[in-house]
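These notes concern the structure reproduced below.
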Amino acid sequence: MVPVVELNDIAHVYVTDREASLAVEGIHLKVEPGEFVSLVGPSGCGKTTILSVIAGLLQPSKGAAYVNGDPIYGPSPEVGYMLQQDYLFPWRTIMDNALIGLELTERLNPESRSAVQNLLREMGLGDSGNLYPSQLSGGMRQRVALVRTLATDPGLLLLDEPFSALDYQTKLQLEDLIVETLKERGKTAILVTHDLSEAIAMSDRVILLNRNPGRIHRLFDIPENIRRAQPFFCPQGAGL
Ligand SMILES: Nc1ncnc2c1ncn2[C@@H]1O[C@H](COP(=O)(O)OP(=O)(O)OP(=O)(O)O)[C@@H](O)[C@H]1O
């Protein structure tokens, strides 16, 4: 089976007018269809750099990167990106925010609109379509951001610390909802987080990075029963 993501010996150097700094080096990664993988590590270890390469937003200085077997040349409709901030447009209703990707890709029609309406309902937002972002809580806004990301039906979702602005209880609920929603739809996902217990609770596989430069330190497969036992389990030698 062709991996959804394949990174072969990726390195990236950021060059500014004052210095060149090696952000990541020697990154090898394969993510299989339907897998949920987390990248965990301290600030500056290159998590966002790796996601940006996969999203086609950054051309790596070295190495080869593929999505679904094709070299990555730029952003692709196959890849959805969900960020820490929801970036909802305050002047658009929840429904209109959720539809924006479909509008931009000229795929808005009665069928896709109805699919988004169903997604909003599944996320507990069925009655919120006519409200504006300022009328929702942080957790509700992140659920709208998830609907907006799923609306265009990308096969791969990149989740860059989507829970870090939320309170603990909301975060736990949203973690479960996201895992269930993505698994039901057979999506592949890569989550970036500082939080090892969050990564273990959500992932099939956890990749620990260290920094200076960012490198893969360890990989753990997370069995289903361990995921459900969270937040009390931490793999030995995780080193965080
Ligand atoms: N645009 C840039 N220009 C120069 N250096 C950068 C740039 N973006 C990131 N870096 C550097 O590259 C390294 C990796 O950054 P990156 O943002 O990928 O790490 P991260 O693990 O996502 O960090 P955080 O958890 O704080 O978001 C850091 O040393 C950072 O300072």
- Hits in region 14-28 - residues which are in contact with a Pro (Cβ under 9 Å, 6 or more places away or on another chain) and more than 8 Å from the ligand (Cβ to nearest atom): Leu22, Glu25, Gly26, Ile27
- Message: When the residues of region 153-170 are narrowed to those that are within 16 Å of Met123 (Cβ to Cβ) and surrounded by fewer than 20 Cβ atoms within 10 Å (Cβ to Cβ), which ends up farthest from the ligand (Cβ to nearest atom)?
- Response: Asp153
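Does region 40-59 contain at least one residue that is within 15 Å of the ligand (Cβ to nearest atom) and in a strand (DSSP E or B)?
Step one: of region 40-59, the residues within 15 Å of the ligand (Cβ to nearest atom) are 40-55, 57-59.
Filter once more, keeping what is in a strand (DSSP E or B): 40.
Checking region 40-59: at least one residue is within 15 Å of the ligand (Cβ to nearest atom) and in a strand (DSSP E or B).
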- Task: Identify the residue in region 51-76 that is out of contact with any strand residue (DSSP E or B) (no Cβ under 6 Å at 6 or more places or on another chain) and under 12 Å from His12 (Cα atoms) and, among all such residues, is surrounded by the fewest Cβ atoms within 10 Å (Cβ to Cβ).
- Result: Gln59
- Message: For the structure I just gave you, tell me whether Ile94 is aliphatic (A, V, I, L, M), out of contact with any strand residue (DSSP E or B) (no Cβ under 9 Å at 6 or more places or on another chain) and surrounded by fewer than 21 Cβ atoms within 10 Å (Cβ to Cβ).
- Response: no
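Can you tell me how many residues within region 185-203 are in a loop (DSSP other than H, G, I, E, B) and crowded, with 20+ Cβ neighbours inside 10 Å? Even if it seems obvious, please write down each step before you answer.
The initial filter retains those residues of region 185-203 that are in a loop (DSSP other than H, G, I, E, B), namely 185-187, 194-195, 203.
From what is left, the residues that are crowded, with 20+ Cβ neighbours inside 10 Å are 187, 203.
Going through region 185-203 one residue at a time, the tally reaches 2.
Bear in mind these aren't lab numbers, they're just calculated from the coordinates by the rules spelled out. For clarity, every value in this text was computed on a predicted model and none was experimentally measured. All Cβ positions, glycine included, derive from the backbone under ideal geometry; neighbour counts span all protein chains shown.
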